[in-house]
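Novice: Next up is a structure, given as structure tokens.
The values are calculated or read from the model by the stated rules, or taken from the named source; none is laboratory data. Quick caveat: nothing in here was measured; it's all calculated off a predicted structure. No Cβ is skipped: glycine too gets one built from the backbone with ideal geometry, and neighbour counts run over all protein chains shown. Remember, those area values only see protein heavy atoms, side chains included, never the ligands or the DNA or RNA. Shrake-Rupley method; radii C 1.70, N 1.55, O 1.52, S 1.80 Å.
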Amino acid sequence: MKTILYIHGLSSSGASGTARHLQTLLPDMRVIAPDLPIDPDEALTMLQRLVTRECPDIVIGTSMGGMFAQQLYDCRKILVNPAFHVSRTMRRQIGECPFLNPRKDGATSYTTMPELCDRYEAMEHRQFDGMTDEAVTRTWAMFGDRDTTVNCREEYLQRYRNFATFDGEHRLRLEDIRDVVVPLIRQIELDEHLTE
């Protein structure tokens with residue numbers, strides 16, 4: 001059985017609607033969707049260990065999760081509306097912020113402090129440092145053409161080439177996942193099979 005690692009965005013969790021929809025729409029695949037630690041370095045370390053242990057076939061990251069997924073250079077990945085500068089959003093939300101989905105640890109909120117924003121900004125400055133030619137060919141991105149929350153398409157295209165746009169906003173709807181994300185997953189699967 002193939003495995004997908006889904007990486008959620010800021011203020012979300014592994015119990016997001018996107019993770020649930022992926023599991024429903026891809027019953028032949030196992031979807032792993034962890035709750036990310038709030039600290040960026042802890043989150044990236046946890047994801048790197050998870051990749052080593054689980055060997056996912058595809059990593060999917062949305063928004064902030066796209067920034068983390070991008071740094072998993074050896075994986076096939078899909079970045080959906082990736083947010084390469086999470087610190088900018090966080091600096092506008094100093095204080096207590098609610099989680100939008102339930103988390104396994106029971107936490108209902110987290111606190112954004114300037115020091116946390118600084119740690120994200122430090123990661124953002126080095127997030128492309130490990131890129132390889134192989135990472136470029138194994139990375140796809142999808143950008144909602146009505147996304148007014150985050151738009152990192154030009155920055156993505158300075159480094160990568162595989163991308164598509166879809167008729168959508170920043171947050172994925174069920175129809176976006178069904179009609180755009182799942183077909184791309186199947187295409188990546190087919191391409192992988194043909195190159196074996």
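Novice: Pick from Val51, Val59, Val80: which is over 18 Å from Gly144 (Cβ atoms) and under 11 Å from the mean Cα position of the chain (by Cα)?
Specialist: It is Val59.
Novice: Also, I was wondering about something else. Scan region 142-160 and report the pairs whose first residue is at pLDDT 95 or above and whose second residue is open to solvent by 70 Å² or more (accessible area, probe 1.4 Å) and basic (Lys, Arg), with Cβ atoms within less than 7 Å and a gap of 6+ or a chain change.
Specialist: Here the result reads Phe143/Arg153, each pair linking region 142-160 to a residue that is open to solvent by 70 Å² or more (accessible area, probe 1.4 Å) and basic (Lys, Arg).
Novice: Since Gln71 meets every condition but one in (1) open to solvent by less than 10 Å² (accessible area, probe 1.4 Å); (2) of a type outside the set (D, E, K, R); (3) under 27 Å from Arg159 (Cα atoms), which condition does it not meet?
Specialist: Every listed condition holds for Gln71 apart from (1).
Novice: Within region 110-158, which residues are among the hydroxyl-bearing types (Ser, Thr, Tyr), farther than 17 Å from Gly66 by Cβ and in a helix (DSSP H, G or I)?
Specialist: Answer for region 110-158, where residues must be among the hydroxyl-bearing types (Ser, Thr, Tyr), farther than 17 Å from Gly66 by Cβ and in a helix (DSSP H, G or I): just Thr137.
Novice: For region 50-59, give me the residue count where each residue is in contact (Cβ under 8 Å) with a residue 60 or more places away in the chain and either in contact with a helix residue (DSSP H, G or I) (Cβ under 7 Å, 6 or more places away or on another chain) or more than 14 Å from Arg30 (Cα to Cα) (or both).
Specialist: Residues of region 50-59 in contact (Cβ under 8 Å) with a residue 60 or more places away in the chain: 57-58.
Now restrict to residues that are either in contact with a helix residue (DSSP H, G or I) (Cβ under 7 Å, 6 or more places away or on another chain) or more than 14 Å from Arg30 (Cα to Cα) (or both): 58.
Residues flagged as in contact (Cβ under 8 Å) with a residue 60 or more places away in the chain and either in contact with a helix residue (DSSP H, G or I) (Cβ under 7 Å, 6 or more places away or on another chain) or more than 14 Å from Arg30 (Cα to Cα) (or both) within region 50-59 amount to 1.
Novice: Anything in region 73-101 that is touching a Pro at 6+ places or on another chain (Cβ under 9 Å) and part of a loop (DSSP other than H, G, I, E, B)? List them, or say none.
Specialist: Correct list: Cys75, Arg76, Ile94.
Novice: Please state which of the following conditions His170 fails to meet, knowing it meets all the rest: (1) open to solvent by less than 40 Å² (accessible area, probe 1.4 Å); (2) within 22 Å of Asp57 (Cα to Cα).
Specialist: (2)
Novice: Another question, if that's okay. Just one of the numbered conditions (1) open to solvent by less than 30 Å² (accessible area, probe 1.4 Å); (2) farther than 19 Å from Gly17 by Cβ is not true of Thr89; which one?
Specialist: (1) is the only condition that Thr89 fails.
Novice: Got a number for residues in region 30-49 being in contact (Cβ under 8 Å) with a residue 40 or more places away in the chain and in contact with a Leu (Cβ under 9 Å, 6 or more places away or on another chain)? Break it down into steps so the answer makes sense when it comes.
Specialist: First pass over region 30-49, keeping only residues in contact (Cβ under 8 Å) with a residue 40 or more places away in the chain: 35, 38-41, 44, 47.
After this cut, where a residue has to be in contact with a Leu (Cβ under 9 Å, 6 or more places away or on another chain) as well, the list is 38-40, 44, 47.
Residues in region 30-49 being in contact (Cβ under 8 Å) with a residue 40 or more places away in the chain and in contact with a Leu (Cβ under 9 Å, 6 or more places away or on another chain): 5 in total.
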